[in-house]
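Please read the structure below before turning to the comments.
The values are calculated or read from the model by the stated rules, or taken from the named source; none is laboratory data. Values in this document were obtained by computation on a predicted structure and should not be read as measured data. Reconstructed Cβ throughout: ideal geometry from the backbone, glycine too, with neighbour counts over all protein chains shown.
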Amino acid sequence: MTELHAMIIYVPASHTDRILAAIGDAGAGRIGDYSHCSFVTPGSGRFTPLDGARPYLGSIGKPEAVSEDRVECVVEKPNLAAVVAALRAAHPYEEPAFMTWPVDGWRH
């Protein structure tokens, strides 16, 4: 049985399709006989680039708000490293915001 992880990613809305394709191709979102399964919710991301940052959007020391999507999916543990690598390669931000954790009680 394979351990399942939940994954949440925050991405500029302009790059959501690119991220969904990259992580799906790497193995995210596989549920039974389906691939590339996800749930996407629009929102607003806020951040302030600090000295030393190389922001994709915004300027050092100035608060920024951008239309972002919250992408939710599942990832089988053996695919997790490849999915994270694909996410980092496709994401426009210097430091992509994402998180993962094991889904308790779920194995398939």
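With respect to the conditions (1) modelled with pLDDT under 95; (2) at positive phi, GLY27 lacks only one, and its number is (1). Restricting attention to segment 44-66, the residues that are hydrophobic (A, V, I, L, M, F, W, C), surrounded by fewer than 13 Cβ atoms within 10 Å (Cβ to Cβ) and under 19 Å from ALA13 (Cα atoms) add up to 1. Pairing residues of segment 41-55 that are β-branched (Val, Ile, Thr) with residues that are in a strand (DSSP E or B), at Cβ distances under 9 Å and at least 6 apart in sequence or on separate chains, gives THR41/ASP69; THR41/ARG70; THR41/VAL71; THR41/GLU72; THR48/GLU64.
Screening segment 16-34 for residues that are small (Gly, Ala, Ser) and either under 16 Å from the mean Cα position of the chain (by Cα) or crowded, with 16+ Cβ neighbours inside 10 Å (or both) and picking the one that is farthest from ALA90 (Cα to Cα) gives GLY29. Selection of segment 57-89 for residues being part of a loop (DSSP other than H, G, I, E, B) and without any contact (Cβ under 8 Å) to a residue 40 or more places away in the chain yields GLY58, SER59, ILE60, GLY61, LYS62, PRO63.
Residue by residue, here is whether (1) of a type in the set (D, E, K, R); (2) at positive phi; (3) at pLDDT 95 or above holds:
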{"position": "ARG54", "(1), (2), (3)": "yes, no, no"}
{"position": "VAL71", "(1), (2), (3)": "no, no, yes"}
{"position": "ALA85", "(1), (2), (3)": "no, no, yes"}
{"position": "ALA89", "(1), (2), (3)": "no, no, yes"}
{"position": "VAL103", "(1), (2), (3)": "no, no, no"}
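Looking across segment 19-46, the residues that are assigned to a strand (DSSP E or B) and not polar (S, T, N, Q) come down to ILE31, TYR34, PHE39, VAL40, PRO42, GLY43, GLY45, ARG46. Among the numbered conditions (1) modelled with pLDDT of 95 or more; (2) surrounded by fewer than 15 Cβ atoms within 10 Å (Cβ to Cβ); (3) within 20 Å of ALA85 (Cβ to Cβ); (4) of a type in the set (Ser, Thr, Tyr), the only one that THR2 does not meet is (1).
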